[in-house]
Structures are given as C-alpha cells and as structure tokens.
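Here the structure comes first, spelled out in structure tokens, and everything after it is commentary.
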Amino acid sequence: MRAVIFDLDDTLVDQSSAARTAAIAWGRDRGAAGEDDDLARRWSEISNPHYARYQQRLATFEEQRRARVREFLPHLDLRDDAVADREFDAYLDLYVPAWACFPDSVRTLRRVRAAGLLATVLTNGDHEHQTLKLELVGLSNEVDALFTSDQFPLGKPDRRPFLGSCARLGVAPSEAVMVGDSVTDDVEGAIAAGLAGVLLDRRDRHPDTEHTRIRSLDDLDVCAGARLET
C-alpha cells in the first residue's frame, strides 16, 4: 500500500451535523413547517436525489442547489434563479460555520503520513467548495492531494474518479485503499476499480456488511494493506 484515499463528508468532516444544524435554523427562520427532526430529515431526503443528479451530470452544481431550496421552501416564491441562489446562500451562511472535522481525523492523517503513505481525499463535490471546507476545518495541510468529482466525467461510484486519482498520485489501484462512509460510493466503487475498500461505520448502520468495516478512523491499520479486501 502506498496511498490512503479518504472520503471527506462524514468521514473526515462531520457534514451531517452541520447540515442538520443549518437546516433547522434556516427552515425555522423561513417559516418551514415541522419539528426540528422533521426539518433536518426533509432537507436530507430532498438533498440526496438532487445531488445525485449533479453527480450523474444531469444537473449543474447550481441547478441542484436551486432545486433543493425550491422543494424545501415551497411556500416562498423562488422561481427566479437569482432569488433561489440568495436563499441557498442564506443556508450556507449557517452551514459553513458549522463545519468541523471529527476528533480522529487529524491524528489518523498524520499517522498515515508518518507511515510513509500518501494521505489524500476523493470526494463527490465541487472542487472550490471542498477546498474551502478543508481550509476552514484545518485539514488543508494534513493531506497530500484533494480530488473532487467535478474533475472527472462522473462522481463515485463510477470507476473513473478512483482510477484518475490513482493515476495523478502515481500509484497503481492495487497500491491504494479507499476509506469512506458509503458502502456503494466509497467501498464498492473502489473495489470495482481495483482498490481496497474500508467502510467507516461511525453510527453502526452496517453491522452485517460483508466488507471490511471500522467504527473509528483510529481503528484503521495503515500497515494492513495486504490483508484488506479488494
């Protein structure tokens, strides 16, 4: 093993908590109906399919944002794109300050690099947006490279982001391991591309998975490349 490739959201950065905090405060301020849990759940359920359309190149990054805000706040007149963009910016004003990395993120990245391995990130997101995220949570200097889905024809789990990342790192797929919280996007996508895959299951959602699973990044054995599933 020569490189460890990490997912970003909900692997290194607690994106879900930030999104929940922002959606509740933003929704309440905009008169959205429902209890806090309802607002957070609805925002997540709305966001996921629209973001998937962006990953499949069926919508632009801006279009999926507008679609999400219009569906979440149907009682507001957001037909004008500029108005919808301003409304999403209001969400971002709450979401971005809530970004935080998990306590095990920095020490794991440093442990990987101390072992002589490349510590990199491959995330399904916009490069500018994810670069800002790394900077604000203090991870920019802890990784050797950041790769985002908009640099490739499609996002994870398509094989090309994994293969493209390995090529840019100068490593063979068999020399890299992907660590992430998504069975489909991170683990199965990586394995299909010839990398090893490790599922980070912080919330114990996949206790019966057939894949290599860890509950914390502290459990990642950086010397176990030969034993990891491919």
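The values are calculated or read from the model by the stated rules, or taken from the named source; none is laboratory data. Values in this document were obtained by computation on a predicted structure and should not be read as measured data. Here the Cβ is made from the backbone with ideal geometry for all residues, glycine too, and neighbour counts use every protein chain on show. Ligands, DNA and RNA are stripped out before the accessible areas are found, and what is left, the full protein with its side chains, is counted by its heavy atoms. Shrake-Rupley method; radii C 1.70, N 1.55, O 1.52, S 1.80 Å.
The residue that is most open to solvent (accessible area, probe 1.4 Å), among those in the stretch 42-85 that are within 18 Å of the chain's Cα centre (by Cα) and of a type in the set (Asp, Glu), is GLU45. When ARG30, ARG53 are checked against the criterion of being modelled with pLDDT under 95 and charged (D, E, K, R), a single residue qualifies: ARG53.
Yes/no matrix, rows are residues, columns are (1) at pLDDT 95 or above; (2) open to solvent by 70 Å² or more (accessible area, probe 1.4 Å); (3) under 24 Å from ALA100 (Cβ atoms):
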{"position": "THR131", "(1), (2), (3)": "yes, no, yes"}
{"position": "LEU136", "(1), (2), (3)": "yes, yes, yes"}
{"position": "LEU154", "(1), (2), (3)": "no, no, no"}
{"position": "ASP158", "(1), (2), (3)": "yes, no, no"}
{"position": "PHE162", "(1), (2), (3)": "yes, no, no"}
{"position": "SER165", "(1), (2), (3)": "yes, no, no"}
{"position": "ALA193", "(1), (2), (3)": "yes, no, no"}
{"position": "THR212", "(1), (2), (3)": "yes, no, no"}
{"position": "SER216", "(1), (2), (3)": "yes, no, yes"}
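Within the stretch 12-24, residues that are within 11 Å of PHE102 (Cβ to Cβ) have Cβ atoms under 6 Å from residues that are of a type in the set (S, T, N, Q) and in a helix (DSSP H, G or I) in these pairs: LEU12/SER105, counting only partners at least 6 apart in sequence or on another chain.
Among the conditions (1) at pLDDT 95 or above; (2) open to solvent by less than 50 Å² (accessible area, probe 1.4 Å); (3) charged (D, E, K, R), ASP126 misses just one, which is (1).
Of all residue pairs spaced 6 or more apart or on separate chains, those with beta-carbon atoms under 7 Å, a first member in the stretch 60-88 that is under 17 Å from ALA32 (Cβ atoms) and among the aliphatic types (A, V, I, L, M) and a second member that is open to solvent by 50 Å² or more (accessible area, probe 1.4 Å) and not in a helix (DSSP H, G or I) are LEU73/ARG30; LEU76/ARG30.
Scoring ALA167 on the criteria (1) in a helix (DSSP H, G or I); (2) hydrophobic (A, V, I, L, M, F, W, C); (3) in contact with a Pro (Cβ under 8 Å, 6 or more places away or on another chain) leaves a single failure, condition (3). Summed over the stretch 140-164, the residues that are assigned to a loop (DSSP other than H, G, I, E, B) and under 14 Å from the mean Cα position of the chain (by Cα) give a count of 3.
Return yes or no: is ARG30 among the basic types (Lys, Arg) and in contact (Cβ under 8 Å) with a residue 40 or more places away in the chain? Yes, satisfied. Residues of the stretch 86-101 that are surrounded by fewer than 17 Cβ atoms within 10 Å (Cβ to Cβ) and either in contact with a Ser or Thr (Cβ under 7 Å, 6 or more places away or on another chain) or part of a loop (DSSP other than H, G, I, E, B) (or both): ALA98, ALA100.
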